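Working notes, beginning with the structure itself.
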Amino acid sequence: MNKKSECEVIGDISCNLIQIRHLGHVTAAEMRACIEKVVRLLPEMRTGFTLLTDLSGLDSMELDCAIDIGRMMDACKATGIGTAVRIIPDQSKDIGLNILALVHYRRGVQVITCQDASEAEQALRPLRR
């Protein structure tokens, strides 16, 4: 039985927040479509916006996805991202976000890694003020 794969993107302009949720096995083509959705939302975000990435439902991701993730990080940095919050319950599924962040975010972007949604909600609470 194959688990459905999906990349869901939700923009919350009032909270200055973009949420990305990955499910199942994400292919490079699905990642490109996901990144395009994020890039379309960026002009609506204010400087200091937050990007929340939820990997709780991720089974695996194709290696080629890293190219598009880096492109998205560059676009977010150019738009003024303030904080990247990531939900990574299984560190073996980190997909290299820490290394990508070092290269693409450099200084000025706060990166918070959480074990679950409740921990992420606590991290997001002060950012919503």
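Screening segment 95-110 for residues that are under 19 Å from Gly80 (Cβ atoms) and within 12 Å of the chain's Cα centre (by Cα) and picking the one that is surrounded by the fewest Cβ atoms within 10 Å (Cβ to Cβ) gives Leu100. For segment 111-120, a residue qualifies if it is more than 15 Å from the chain's Cα centre (by Cα) and either in contact (Cβ under 8 Å) with a residue 12 or more places away in the chain or surrounded by 14 or more Cβ atoms within 10 Å (Cβ to Cβ) (or both), and exactly one does: Glu119. Among the residues making up segment 86-116, those that are over 19 Å from Val26 (Cβ atoms) and either in a helix (DSSP H, G or I) or of a type outside the set (S, T, N, Q) (or both) are Leu102, Val103, Tyr105, Arg106, Arg107, Gly108, Val109, Val111, Ile112, Cys114, Asp116. Can Leu23 be described as touching a residue at least 40 places away in the same chain (Cβ under 8 Å) and aliphatic (A, V, I, L, M)? Spelling it out, it is not the case that Leu23 is touching a residue at least 40 places away in the same chain (Cβ under 8 Å) and aliphatic (A, V, I, L, M).
If the condition is being out of contact with any helix residue (DSSP H, G or I) (no Cβ under 6 Å at 6 or more places or on another chain) and either among the charged types (D, E, K, R) or surrounded by fewer than 19 Cβ atoms within 10 Å (Cβ to Cβ) (or both), then segment 71-82 contributes Arg71, Lys77, Ala78, Gly80, Gly82.
Restricting to segment 22-46, give me the number of residues that are modelled with pLDDT of 95 or more and either assigned to a loop (DSSP other than H, G, I, E, B) or within 18 Å of Cys114 (Cα to Cα) (or both). Adding up the residues that qualify gives 2. For segment 40-70, the set of residues classified as touching a helix residue (DSSP H, G or I) at 6+ places or on another chain (Cβ under 6 Å) and surrounded by fewer than 16 Cβ atoms within 10 Å (Cβ to Cβ) consists of Glu62, Asp64, listed by residue number.
Summed over segment 1-21, residues that are under 22 Å from Ala117 (Cβ atoms) and loosely packed, with under 13 Cβ neighbours inside 10 Å total 5.
Does Ile112 fit the bill of being in contact with a Phe, Trp or Tyr (Cβ under 7 Å, 6 or more places away or on another chain), closer than 18 Å to Asp12 by Cβ and at pLDDT 90 or above? No: the conditions fail for Ile112.
The values are calculated or read from the model by the stated rules, or taken from the named source; none is laboratory data. None of the values given here were measured: they were computed from a predicted structure. In this analysis, Cβ positions are derived from the backbone assuming ideal geometry, glycine residues included, and neighbour counts consider all displayed protein chains.
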